[in-house]
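Have a look at the structure below before the remarks.
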Amino acid sequence: MGEVMEEVGGDGFMSTTPLLRLNRRYIAEVTDGLVPALQRRGLTRSAYTPGNTLRQNLLEF
């Protein structure tokens, strides 16, 4: 994912669930596995700027 972003650019990732099955297990796998891995590589934020609005936080990274 990081290599693709470096090659083509972008400002985020979009993902979908396998076979369109959104459930607790899938959400847990993403939030507990994928997100921390992306954060370690600096590809997603790990904290928000205090005092920012939601809009500012969405546009900041």
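None of the figures in this text is laboratory data; all of them are computed from the coordinates on show. Just so we're clear, the structure is a prediction, and the values are computed from it rather than from any experiment. Don't worry about glycine lacking a Cβ; one is built from the backbone with ideal geometry, like all the others, and counts go over all protein chains shown.
State whether the residues of the range 26-48 include one that is over 15 Å from the mean Cα position of the chain (by Cα) and either of a type in the set (Val, Ile, Thr) or loosely packed, with under 10 Cβ neighbours inside 10 Å (or both). Among the residues of the range 26-48, not one is over 15 Å from the mean Cα position of the chain (by Cα) and either of a type in the set (Val, Ile, Thr) or loosely packed, with under 10 Cβ neighbours inside 10 Å (or both), which makes the answer no.
Is it the case that the range 19-40 has a residue that's in contact with a Phe, Trp or Tyr (Cβ under 6 Å, 6 or more places away or on another chain) and hydroxyl-bearing (Ser, Thr, Tyr)? Looking through the range 19-40, none of the residues is in contact with a Phe, Trp or Tyr (Cβ under 6 Å, 6 or more places away or on another chain) and hydroxyl-bearing (Ser, Thr, Tyr). Each residue in the range 1-25 was checked for being surrounded by 11 or more Cβ atoms within 10 Å (Cβ to Cβ) and under 20 Å from Leu58 (Cβ atoms), and 4 of them qualify.
Tell me which residues, restricted to the range 26-47, are of a type in the set (Ser, Thr, Tyr) and either farther than 22 Å from Leu59 by Cα or out of contact with any helix residue (DSSP H, G or I) (no Cβ under 6 Å at 6 or more places or on another chain) (or both).
Step one: list which residues in the range 26-47 are of a type in the set (Ser, Thr, Tyr), which gives 26, 31, 44, 46.
Listed by number, the residues that qualify are Tyr26, Thr31.
For the range 13-30, the set of residues classified as under 22 Å from Gly42 (Cα atoms) and either touching a residue at least 24 places away in the same chain (Cβ under 8 Å) or not aliphatic (A, V, I, L, M) (or both) consists of Phe13, Ser15, Thr16, Glu29, listed by residue number.
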